[in-house]
Amino acid sequence: MNRVNKLYRIFGWVKVLGLWISGISLMGMMIFIVVDVVFRNVSSNSINGAFEIVQNYFMPLSVFPALAYVYSSGVLPKMDLIIEKLNNQMKKVIIFSRVIIEIFILALMFQFTWDYAMYGLERKMSFPASGTMYIVYPLFFLIPISFALIIIENVFILIKNIMEKHPSFLFKEEK
């Protein structure tokens, strides 16, 4: 279990990096919108393509990199109240089945979003904003990467539940 905990700590740094990317993007989006509003009110002219830039760059960068961190933090509902009333054997059965179903669904989502990202790469997808074409296809890869990170988190949860006596929906390191 020691090796798994070490690997999970390394994976934790990857999740924190995603959180930082999302936070910086969110801060950049707020500054960008404030500057756009100030320009609009002071000079009666806004930043060209501001809406499209926020929609296609800042929004995906503020959501997808942080998904694995949010998933692992325990904020999302996971049927904790129902499961706490069951014995450990039933908890393990429910947790194993739920995690395996989640991995399957996330793998499908990864596959479909990866195919779409590759489609965007092949066609060099872009969006028009104020008469200029801005590339957008590199950001399409954020989505399958975020699903892959959640799959990795679920694999850690599965391994922990195999090795530990007390089942859990979260990977909490034993001190």
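Worth a mention:
- Over 23 Å between alpha carbons, listed pairs LYS15/LYS124; LYS15/LYS85; LYS15/LYS165; LYS15/LYS160; LYS15/LYS92: LYS15/LYS124; LYS15/LYS85; LYS15/LYS165; LYS15/LYS92
- Gyration tensor verdict on segment 1-57 (Cα atoms; rounded if a/c is under 1.5, prolate if a/b is larger than b/c, oblate otherwise): prolate
- Spacing of the modelled spin labels on ILE135 and VAL63, each 7 Å from Cα toward Cβ, amounts to 2.3 nm.
- Theoretical FRET efficiency, 1/(1+(r/R0)^6), r = Cβ-Cβ of VAL38 and LEU17, R0 41 Å, to 0.05: 0.85
- Given the chain, longest segment not containing exposed loop GluC sites (Glu not before Pro) (DSSP; at most 10 other Cβ within 10 Å): 85-173
- Order by protection proxy (mean Cβ within 10 Å, highest first), peptides 30-42, 60-72: 60-72, 30-42
- Shown here for segment 98-162: trypsin sites (Lys or Arg not before Pro) in loop regions (DSSP other than H, G, I, E, B) with at most 16 other Cβ atoms within 10 Å, namely LYS124.
- Using just its DSSP H runs of length 4 or more, each adding -39500 (n - 2.57), the chain gives a mean residue ellipticity at 222 nm of -23500 deg cm²/dmol after division by all residues.
We did not get these values from a lab; they are worked out from the coordinates using the rules stated. Nothing here was measured: the structure is a model prediction, and the numbers come from that model. Cβ: placed from backbone, ideal geometry, glycine included. Neighbour counts: every protein chain shown.
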